[in-house]
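Undergrad: Just dropping this structure here.
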Amino acid sequence: MKNIQRLRRFSGLMLLLLGLAGLVGPGAAPVAASGSPILKVGVLEEPKSLNLWLATDVWSSRVIRMIYEPLYVREPKNLDLVPWLAAEMPEYDPQAQTYTIKLREAKWSDGSEFTADDVAYTAWLIQAFKIPLYYDLWDNVAKVEVLDARKVRFTLTGPLATFVSRTLATPIVQRAQWEAIAEKASQADKPLAKLREGKIAKPIGTGPFMLVQQQSGVLMHLQSNPHYWGRGQTIAGIPLGPHIQGVLLKVFGTADAAILGLRKGDIDFYWNGILPGYLGELKDNKEITLYHGKKSALYFLGFNLRRPPMSDPAFRQAVATLVDKDFIVERILQGAGEAMTSVVPEGNTYFHNSKCQTWGQGLSKEQRIKAAYEILKAAGYTWKTPPVNAQGQVQKAEIMSGPGGVNLDELTILTPPSDYDPNRAMAGMMIQEWLKDLGVPVSARPMAFNAMLQQVKNRHDFDLFVLGYGRLNLDPDYLRTFFTSSQDKSGGWNMSGYRNPKYDELATRSEEEMDPAKRRVILHEMQMIISQDIPYLPLYNPSLVEGARSDRFSGWVEMVDGIGNNWSFLSIKPVK
C-alpha cells in the first residue's frame, strides 16, 4: 500500500514538473485548456511577502496589485481618477464632510460577494492596527458607515484633498479572510507584528488574477480570476479582459539572464527597466518591441540641515550650482534620462512646476566653479588658496573655512553601493569631485542600502546623501510629508530636517484645499520654495525602457511608470 502511495506521489510530482516545463520553455506562448495563452514574465526577485500589510518591496507590490483592487485608479492617458471597485465618483457633502460611494457588483476570487462591509472592515483594520504606509491616509476618517450592501459613507474630521486620490486608492481586503487573522493578532503582545507575519498562502482578492502556485526562488503562477467583475467592461475607453489564462512570473536573479530569456523567447515580457548597455542586443530584434516611457521617479542629493555647513542656504546654493545634472544624464545614465529641476517629475504634467529655480544651467565647468565661488565668498567663506585667483582664473583650492573662520571638517556623501545602483553611486563620486574643485573637503562613501536608511532616516547622522524614489505617487502629497517640520523626527519622512513656517502653512493648505485648480497653485508654490531653499537637490529621472515580445502579445498600454500595469494585463491579447 505504501509503495502505491509513493508511486502516486511520484507520478503527481512528474506531472507538475512537466506542466511547469511547458509553461517556462521557449517557443510559442503556451496555451491553456481554455485556449488563452499564459503570459510569461521575467522578474529579478520573487515577492518577499503576499501579506498585503507587509508587502513593501517592489516585487511584492506588483503582484499585490494584480490580486487586490482599490475603489479608484488613474486612467493611463491623462492620469485622471476613474471609479474602479466604486461604481461612480463619490458624492461629497462639504458641510457634513462626508463621501458617499456606490460600489460595483463584484465578487471575490473565491466566488463570494464583494460588499460595503469589506470596505468598512479594511478601514477598521488599518486604523485599529495603525498599519504603516496606510494609517496616515486613514487617520482623518472619523467614521465609516455601511448604508447597504452596495453603498458606504465616510465621515472625515475635516477637509482632505487627497482622500479620493490617495486614501480610496487603498487595496480592499476580504473581511472573511482577515477577520480570524486580525482577532488572533489583537491578542498578541505586538498586534501589528503578529498581523504582518501571518503567511497568506492564497490571497483572496477582487483583482483580475489569483495565485495558484508558488515555487520559492523559481516561479509564481497567477491564474485569471474566473469571477472577475471587469471582464467585458469598458473603462476610460479601454475594453477589459483579461484575455489571457494567466501570468507566470519567472525569477532570473540577474538582468543578464532575464535579457537572454527575452531574446530566446523563454519569457514574453521583462518586468524591469532595461539598462542602456543591453539596448544594443535588443533594438534590432524584430520580434521584440522596446517601449520608451517616463517614470514618476526622483533621484536627488539630500542635505542634513541640522549641521553646518549644510544648514547654510548659501552653501546649498553653491553645491547646486556646481552639480552638472546634464553631465550625470549624458555620461552616467548614457542619455537614458532627464535632468530634474523640481522634486515633482516632468512626466506628472498636471502638477509639475516647469518654472522652478535652476542653478548653473547652461554653464561650463569653469563658469560653475566661478559662480559657486562668488556665492560662498559673498556669504563669508574664505580659503587659504581660493578656487579663483585675483585674475579670475580657476585654480586648485586649499583649506576652506566657514563664515566664522573655522576650517570645514571633511564631509561625507553617503550613496548606495554600486552593485545596488551604479548610477547613484557614480553620481555621488562625481559630486565629490565637483565639490573638491571648490575646496570642500569631502568624500563619497558607499553604504549598504538598509544601513544607509537607518543612518539617514532614523539616526540623522549624516552630511549629504544620494537617494531616490523609483515610484512616486501621482498625487504629489509627498511635497507635504517630505519637507514639513512635523516630519522632522526619527523615522520621519523629513530626512533633511528642513523647517520653514511658510512652507508648513502651504503644506497644510494643500492638504485641505478641495478645489483642484487652487490646490495645484499651492503645490506649484511649494515646489518653487524647495527649488530655492534646496533641502533636496533633484538630480535626474531615468528613462524607462521595457521590452516585450511582439510576436506573442499585442495591446500593451503605455503610461507613466511603464507598460507593466493592470491596464496592460487586462488588455493584452495573443498575436494570431
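Undergrad: Restrict the check to segment 336-357 and report whether at least one residue is among the basic types (Lys, Arg), within 16 Å of residue 479 (Cβ to Cβ) and surrounded by fewer than 22 Cβ atoms within 10 Å (Cβ to Cβ).
TA: Yes; the residues of segment 336-357 include at least one that is among the basic types (Lys, Arg), within 16 Å of residue 479 (Cβ to Cβ) and surrounded by fewer than 22 Cβ atoms within 10 Å (Cβ to Cβ).
Undergrad: Any idea which residue in segment 274-286 is modelled with the lowest pLDDT, counting only those that are part of a loop (DSSP other than H, G, I, E, B) and more than 10 Å from residue 547 (Cα to Cα)?
TA: This residue is 275.
Undergrad: Okay, next question. Looking at (1) surrounded by fewer than 21 Cβ atoms within 10 Å (Cβ to Cβ); (2) among the aliphatic types (A, V, I, L, M); (3) without any contact (Cβ under 8 Å) to a residue 40 or more places away in the chain, which is the only condition residue 55 fails?
TA: (1)
To keep it simple, each residue is scored yes or no on (1) assigned to a loop (DSSP other than H, G, I, E, B); (2) in contact with a strand residue (DSSP E or B) (Cβ under 9 Å, 6 or more places away or on another chain); (3) surrounded by fewer than 18 Cβ atoms within 10 Å (Cβ to Cβ); (4) at positive phi.
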{"position": "260", "(1), (2), (3), (4)": "no, no, yes, no"}
{"position": "292", "(1), (2), (3), (4)": "no, yes, yes, no"}
{"position": "301", "(1), (2), (3), (4)": "no, yes, no, no"}
{"position": "308", "(1), (2), (3), (4)": "yes, no, yes, no"}
{"position": "320", "(1), (2), (3), (4)": "no, yes, no, no"}
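Undergrad: If I filter segment 203-216 down to residues being surrounded by fewer than 18 Cβ atoms within 10 Å (Cβ to Cβ) and part of a strand (DSSP E or B), which single residue comes out as modelled with the highest pLDDT?
TA: 212
Undergrad: Oh, and also: Any idea which residue in segment 262-290 is nearest to residue 44 (Cα to Cα), counting only those that are polar (S, T, N, Q) and crowded, with 16+ Cβ neighbours inside 10 Å?
TA: This residue is 272.
Undergrad: Moving on to the next point. Does residue 459 qualify as being among the basic types (Lys, Arg) and surrounded by fewer than 17 Cβ atoms within 10 Å (Cβ to Cβ)?
TA: yes
Undergrad: Residue check, residue 47 against (1) closer than 20 Å to residue 223 by Cα; (2) modelled with pLDDT under 50; (3) assigned to a loop (DSSP other than H, G, I, E, B), all met but one. Which one?
TA: Single failed check for residue 47: (2).
Undergrad: Quickly run through segment 366-375 and pick out the residues that are over 9 Å from residue 321 (Cβ atoms), charged (D, E, K, R) and surrounded by 14 or more Cβ atoms within 10 Å (Cβ to Cβ).
TA: 370
Undergrad: Next up: Of the residues that sit in segment 172-202 and are under 30 Å from residue 567 (Cα atoms) and buried (at least 21 other Cβ atoms within 10 Å of the Cβ), which one is nearest to the chain's Cα centre (by Cα)?
TA: Residue satisfying both the conditions and the ranking: 172.
Undergrad: Restricting segment 95-138 to residues that are on the phi > 0 side of the Ramachandran plot and either modelled with pLDDT of 95 or more or among the hydroxyl-bearing types (Ser, Thr, Tyr) (or both), which is surrounded by the fewest Cβ atoms within 10 Å (Cβ to Cβ)?
TA: 111
Undergrad: Count, please, the residues in segment 479-509 that happen to be of a type outside the set (Val, Ile, Thr) and within 15 Å of residue 136 (Cβ to Cβ).
TA: 11
Undergrad: Check segment 360-373 and report whether any residue there is touching a residue at least 60 places away in the same chain (Cβ under 8 Å) and assigned to a loop (DSSP other than H, G, I, E, B).
TA: No.
Undergrad: Sticking with this one: Tell me the residue from 219, 240 that is at pLDDT 95 or above, aliphatic (A, V, I, L, M) and either touching a strand residue (DSSP E or B) at 6+ places or on another chain (Cβ under 8 Å) or under 30 Å from residue 95 (Cβ atoms) (or both), please.
TA: Residue meeting the stated conditions: 240.
Undergrad: A follow-up question, please. Kindly indicate whether any position in segment 96-116 is more than 21 Å from residue 211 (Cβ to Cβ), in contact (Cβ under 8 Å) with a residue 12 or more places away in the chain, in a loop (DSSP other than H, G, I, E, B) and hydroxyl-bearing (Ser, Thr, Tyr).
TA: Checked against the condition, which is being more than 21 Å from residue 211 (Cβ to Cβ), in contact (Cβ under 8 Å) with a residue 12 or more places away in the chain, in a loop (DSSP other than H, G, I, E, B) and hydroxyl-bearing (Ser, Thr, Tyr), segment 96-116 yields at least one hit.
Undergrad: Tally the residues that are at pLDDT 95 or above and either part of a loop (DSSP other than H, G, I, E, B) or under 12 Å from residue 533 (Cα atoms) (or both), restricting the search to segment 322-342.
TA: So the answer is 5.
Undergrad: Please list, ordered by first then second residue, the pairs with beta carbon atoms under 8 Å, 6 or more apart or interchain, first in segment 199-211 and touching a residue at least 24 places away in the same chain (Cβ under 8 Å) and over 14 Å from residue 49 (Cα atoms), second of a type in the set (Lys, Arg) and not in a loop (DSSP other than H, G, I, E, B).
TA: The qualifying pairs are 206/107; 207/65.
Undergrad: Which is farther than 24 Å from residue 49 by Cα and part of a loop (DSSP other than H, G, I, E, B), of 164, 144?
TA: Only one candidate passes the filter, namely 164.
Undergrad: In segment 449-471, what residues are outside any helix (DSSP H, G or I) and more than 20 Å from the chain's Cα centre (by Cα)?
TA: 459, 460, 461, 462, 463, 464
Undergrad: Could you pull out the residue among 248, 240, 219, 305 that is more than 22 Å from residue 422 (Cβ to Cβ), in contact with a His (Cβ under 7 Å, 6 or more places away or on another chain) and outside the structural domain of residue 110 (by TED's automatic domain parsing)?
TA: Being more than 22 Å from residue 422 (Cβ to Cβ), in contact with a His (Cβ under 7 Å, 6 or more places away or on another chain) and outside the structural domain of residue 110 (by TED's automatic domain parsing) holds for just one of 248, 240, 219, 305, which is 248.
Undergrad: Let me ask something else. Step by step: first the residues of segment 262-273, then only those that are outside any loop (DSSP other than H, G, I, E, B) and charged (D, E, K, R), then the one that is nearest to residue 411 (Cα to Cα). Which residue is that?
TA: So the residue we want is 263.
The values are calculated or read from the model by the stated rules, or taken from the named source; none is laboratory data. Quick caveat, the model's predicted, so the values are computed rather than measured. Cβ: placed from backbone, ideal geometry, glycine included. Neighbour counts: every protein chain shown.
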